[in-house]
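Right, one structure below, let's go through it.
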Amino acid sequence: MSPVNPLVTPNPKILIDQLRALIDNPDAFSAAKRSIVDLSIKAKAVFDGPFDTMRRLTCAPLPGVMAYIGQEYNIFKAIDGAAGAPTSFDILIEKVALDPIYSIPSLIMCVART
């Protein structure tokens, strides 16, 4: 762990304001880009609990899996073929001849949370 400057008093408001300034104007922080990225990753690790880690590890492959399933079973074509009309899980199952045992809505919800 890196040494902490004893003259620096922790102030979350200043940190939050600086992060907002970074988001609004990243070029102003470009000289310290590597340090900011490294410290951001470490800060996230400090706040991540066991559940966050478990969810990240279990859900990480889902976007790729969903893209594969969507392509393999023509789900994207079926959704696109709806021409903007609302569709449902049952309609998709019928159009793509997919076994309903696959829980596509639960996969979508997991990907949406990551």
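Would a scan of region 16-23 turn up a residue that is surrounded by 10 or more Cβ atoms within 10 Å (Cβ to Cβ), in contact with a helix residue (DSSP H, G or I) (Cβ under 8 Å, 6 or more places away or on another chain), part of a helix (DSSP H, G or I) and in contact (Cβ under 8 Å) with a residue 12 or more places away in the chain?
Going through region 16-23, the residues surrounded by 10 or more Cβ atoms within 10 Å (Cβ to Cβ) turn out to be 16-22.
From what's left, in contact with a helix residue (DSSP H, G or I) (Cβ under 8 Å, 6 or more places away or on another chain): 21-22.
Checking which are part of a helix (DSSP H, G or I) leaves us with 21-22.
Cutting the leftovers down to in contact (Cβ under 8 Å) with a residue 12 or more places away in the chain gives us 22.
Within region 16-23, one or more residues are surrounded by 10 or more Cβ atoms within 10 Å (Cβ to Cβ), in contact with a helix residue (DSSP H, G or I) (Cβ under 8 Å, 6 or more places away or on another chain), part of a helix (DSSP H, G or I) and in contact (Cβ under 8 Å) with a residue 12 or more places away in the chain.
Any chance you could count how many residues in region 3-61 are polar (S, T, N, Q) and under 22 Å from the mean Cα position of the chain (by Cα)? Walk me through it before giving the result.
In the first step, residues of region 3-61 are kept if they are polar (S, T, N, Q); the result is 5, 9, 11, 18, 25, 30, 35, 40, 53, 58.
Applying the additional criterion that residues be under 22 Å from the mean Cα position of the chain (by Cα) yields 40, 53, 58.
Count: 3.
FYI, it's all coordinate maths here, none of it is from the lab. All figures in this text were calculated on a predicted structure; none of them were measured in a lab. As a convention, Cβ positions derive from the backbone with ideal geometry for all residues, glycine included, and neighbour counts pool all protein chains shown.
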